[in-house]
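Scroll down for the structure; my scribbles are underneath it.
What follows is calculated from the coordinates using simple rules that are stated; it is not laboratory data. Nothing here was measured: the structure is a model prediction, and the numbers come from that model. Neighbour counts run over all protein chains shown; Cβ positions are idealised from the backbone, glycine included.
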Amino acid sequence: MTQFLDWLRDETPTSRRQARWGGAFRLALALRKNHLAMAGLIIITTLILFAIFAPFIATHPAIQQDLQGRLSPPSFDHWMGTDELGRDIWSRIVYGSQITLFIVFLVAAIAAPIGLIAGAVAGYFGGWVDRIIMGITDIFLSMPKLILALSFVAALGPGIQNAVIAIAIATWPSYARIARAETLTIRNSEFIAAIQLQGASSTRIVFSHILPLCMSSMIVRVTLDMAGIILTAAGLGFLGLGAQPPLPEWGAMISSGRTFIFDQWWVATMPGLAIITVSLGFCFLGDGLRDVLDPKQGGR
């Protein structure tokens, strides 16, 4: 074990594999020193565990109704109380973590690559390619994300799949801007000129050399945007345009509980606390990654 740690700490790696593992090890050590980042990592890890082991963590089925026990306050049988149909709120929040993770990671998997490629292509080629791509980007950026997502969901129809598509369409332009800015600082570098002299194609340069260098800032931005994606998804669910009943989506749970907010406060408050906690977790982790991956920007 000691030899393996020494191998990771070696400042003069002898292979690419050792360099990658050593870089990841030093990143983990730096991230461990950031207490807020570790708190965010714990929150996100808990969310993932909830989503994976939801059938074992939940105390009741997510959609099981008990009209005789409707609007019951938090108790030993129902840790967070019940809603207007007698469904256990704790269990619905636990199962709702699956929907939240599905939306967040699917949006990131769609929007981040599209924005990354579009920005890198615009920054590398410049000229009319840059003007067209950035013009389209500016059109999307001129409108608030939630309003833009609402427009696309209204056109596509309510549903969790359409909500994911709408949020992804509203999210990718910010990634394109970051990738373009990074590419503009890279494309005139000496190593890019050397690669061009070797006869490498523009496609190879963009995908094999420029995109990997944009990944660190992109990872930070995606992590920070997770909170916004969660809030946008919750907003769509609150308006009835996201996941449809009886799915336990947190925004929809707040919407159904707003009628009882003064007398049965737990119906809307508990899913609201879940949204706030998870959003803070992604913000804390994103802030920590920013400090570790880009110390000049992090300011510490």
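Other residues with beta-carbon under 10 Å from the beta-carbon of SER174 carry, at +1 per Lys or Arg and -1 per Asp or Glu, a net charge of +2. At full extension, GLN161 and ARG9 could sit 50.3 nm farther apart than now, given 0.36 nm per residue minus the alpha carbon distance. The convex hull built on the alpha-carbon positions of the stretch 23-79 has an orientation-averaged projected area of 6.1 nm². To the nearest 0.05, what FRET efficiency results for LEU85 and THR203 with a Förster distance of 35 Å applied to their C-beta separation? In this case the efficiency is close to 0.05. Take the Cα of ALA193, step 7 Å toward its Cβ, do the same at GLN65, and the gap between the two points is 7.2 nm.
How charged is the neighbourhood of LEU211? Take every other residue with its Cβ under 15 Å from the Cβ of LEU211, and add Lys/Arg as +1 and Asp/Glu as -1. Taking every other residue near LEU211 into account, the sum is +3. Dividing the C-alpha radius of gyration of the stretch 208-257 by 2.2 N^0.38 Å, with N its residue count, gives 1.65.
Each peptide in 172-185, 25-38 receives the mean, over its residues, of other Cβ atoms within 10 Å, and ordering these scores from highest gives 172-185, 25-38.
Placing dummy labels 7 Å off each Cα toward the beta-carbon, the span from ALA19 to LEU224 is 2.8 nm. Of the listed values [x] 1.23; [y] 1.30; [z] 1.18, identify the label whose number matches Cα Rg over 2.2 N^0.38 Å calculated from this model. Matching entry in [x] 1.23; [y] 1.30; [z] 1.18: [z]. Of all the C-alpha pairs in the stretch 108-162, what % are more than 14 Å from each other? Looking at the stretch 108-162, the distances longer than 14 Å represent 65 percent of pairs. Computing FRET efficiency as 1/(1 + (r/R0)^6) for THR185 and LEU273, where r is the C-beta to C-beta distance and R0 is 51 Å, gives about 0.75. Measure nothing but the geometry: give the 0 to 90° angle between the long axis through the Cα atoms of 145-156 and the longest principal axis through the Cα atoms of the chain, rounded to 10°. Roughly 70 degrees between the two axes. Centroid-to-centroid, using Cα positions, the stretch 243-268 and the stretch 60-118 are 10 Å apart.
Peptides 192-201, 147-156, 84-93 ranked from most to least packed, by the mean per-residue count of other Cβ atoms within 10 Å: 84-93, 147-156, 192-201.
When you restrict to C-alpha pairs under 8 Å that are six or more residues apart and normalise by the size of the stretch 35-298, the relative contact order lands at 25 percent.
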